[in-house]
Amino acid sequence: MIARTTNGGTRRWGALALIVTAQFMVILDVAIVNVALPSIKTDLGFSQTSLQWVVSAYAIFFGGALLLGGRLADLFGRRRLFMAGLILFAASSLLCGIAWSEGSLIGFRALQGLGGALLAPAALSLLMTSFAEGRERNRALGIYGAASGSGAAAGVLLGGVLTSYLSWPWIFFINVPVGVGAALLAPLVLRESRPDLAHRHFDLAGVATVTSGLMLLVYALTRATTDGWGSIPTLALLAGSAALIASFIVIEHRSPWPLLPLRIFRLPTVAGANVAMAIVGAVAFSEFFILTLYLQDVLHYSAVQSGVAFTGFALTVVVVSNVAQLVVGRIGVRATLTAGLLISALSVALLTQLPVDGHYFWDLFPAFVLGGAGMGLSFVPVTIASLAGVERADAGVASGLVNTSRQVGGAIGIATVSAVAATSSSHFAGAAAGSAAALDHGFQTALYALTGLLLVGAVVAVRLVRPARIAPATVSATDPTLLKEAA
């Protein structure tokens with residue numbers, strides 16, 4: 001074994017700080033737009049039906065291209081893709097801020113989503129290859145999990161402040177200095193990481209089918225919220241998506257250089273972790289969506305008040321995510337993840353009782369603290385499990401896969417929860433349609449569905465997530481890849 005130098009250790013933690021900053025920016029952008037939508041609608045003349053595409057265009061390209069971004073990082077260099085994603089994200093953020101019409105903002109949001117899809121898997125795979133599997137990586141993932149888990153809550157807060165005290169373009173402008181600064185720092189603190197593959201071939205057929213299939217899936221789910229789940233366009237889009245994804249599986253099974261090596265799914269823990277991550281993503285995205293509407297449409301909070309309300313959630317995620325890596329070391333990945341999902345289920349179950357005249361500190365705050373703790377205890381172990389046993393040559397695609405699971409899970413969650421809430425609200429007999437009471441009833445029903453989903457996630461964690469106990473981080477003197485990274 002070889003000792004890691006103080007300078008090398010300092011550099012790794014500097015790299016982590018940069019990676020976490022970039023990841024926080026990408027996750028933040030998923031939620032930061034929500035509270036600014038009314039201002040965007042007024043300034044750019046959006047119709048009510050087209051306004052959703054400000055969010056959906058980002059989600060479609062982000063979720064659809066993550067696997068592509070992960071494999072590009074493996075083939076052409078993770079630092080290179082990380083920097084390219086940062087530059088594209090910053091440039092498209094600037095364009096979003098100066099958008100002059102519906103079409104221009106939607107197009108620039110799609111470009112921003114593509115930048116995030118290049119950036120996110122490269123960031124996680126850089127973290128994976130910078131820290132050896134074990135205690136050090138778990139600690140790094142605790143910090144990474146704090147950024148990812150709190151990004152959505154912080155986005156609501158920051159979006160409300162920027163929109164209220166400056167103007168909506170600043171929710172995009174704020175990304176520009178962060179993205180450019182991170183891109184300039186990357187060559188100084190990040191070493192290039194690229195596996196020694198026997199080939200550099202690119203699976204074009206796999207790229208075409210999975211990227212278009214995932215994009216079509218997210219688009220179909222978005223359309224379902226307005227057209228209905230049983231409408232002909234929705235069913236046709238879902239069928240097209242299923243056909244493309246099935247074709248992708250056939251192509252990957254036969255390809256000598258697959259985009260997504262199917263051998264990854266021979267690891268039950270990796271497969272289970274991705275299912276659990278999809279559930280965590282679905283609940284996180286949907287819960288923030290539902291609760292933001294509850295605060296503004298039922299309790300009549302302003303944008304700033306809604307943002308401040310989520311600080312209890314965000315701060316708890318930050319604290320517990322950093323504690324989670326210690327808990328994993330004590331009781332293991334499976335037990336920690338199961339506990340996190342059950343605590344989250346308890347939190348959402350409490351929220352199912354939200355009244356029309358709810359009081360923040362009695363009806364919301366306790367559930368927010370529990371929810372933040374549950375998310376912190378879920379995100380760190382599920383990320384560890386999603387990378388456990390994965391070959392270094394597949395680090396990028398494994399990182400892209402777990403990010404895809406979260407993003408597609410989030411898209412499915414929001415679409416399903418929106419439909420459940422709208423249907424329940426419209427069939428509520430106790431008050432007029434569109435009233436606060438009817439809306440509250442719809443939100444409660446949606447939260448019951450999320451509670452059940454979290455319980456399913458706990459069962460998945462118990463049955464499938466069974467990684468071997470990981471020894472403390474060490475570097476073998478016989479492993480040239482690790483020797484090179486530790487030097």
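Since every read-out is calculated from the coordinates, none of them should be taken as a lab result. Remember, predicted model here, so these are calculated numbers, not experimental data. Cβ sites come from the backbone with ideal geometry, for glycine too, and all protein chains shown count toward neighbours.
Values for this structure:
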item	result
Kirkwood-Stokes translational diffusion coefficient of region 221-350, alpha-carbon pairs, 20 °C, 1.002 mPa s, µm²/s	115
Kirkwood-Stokes translational diffusion coefficient of region 305-459, alpha-carbon pairs, 20 °C, 1.002 mPa s, µm²/s	126
Ordering of 258-265, 449-456, 217-224 by burial proxy (mean other Cβ atoms within 10 Å per residue, highest first)	217-224, 449-456, 258-265
Sequence ranges 83-90, 381-388, 162-169, 267-274, ranked by mean other-Cβ count within 10 angstrom, highest first	381-388, 83-90, 267-274, 162-169
For region 277-309 versus region 49-121, the gap between their alpha-carbon centres in whole angstrom	24
Alpha-carbon Rg with Dmax, taken over region 70-189, Å	15.8, 50
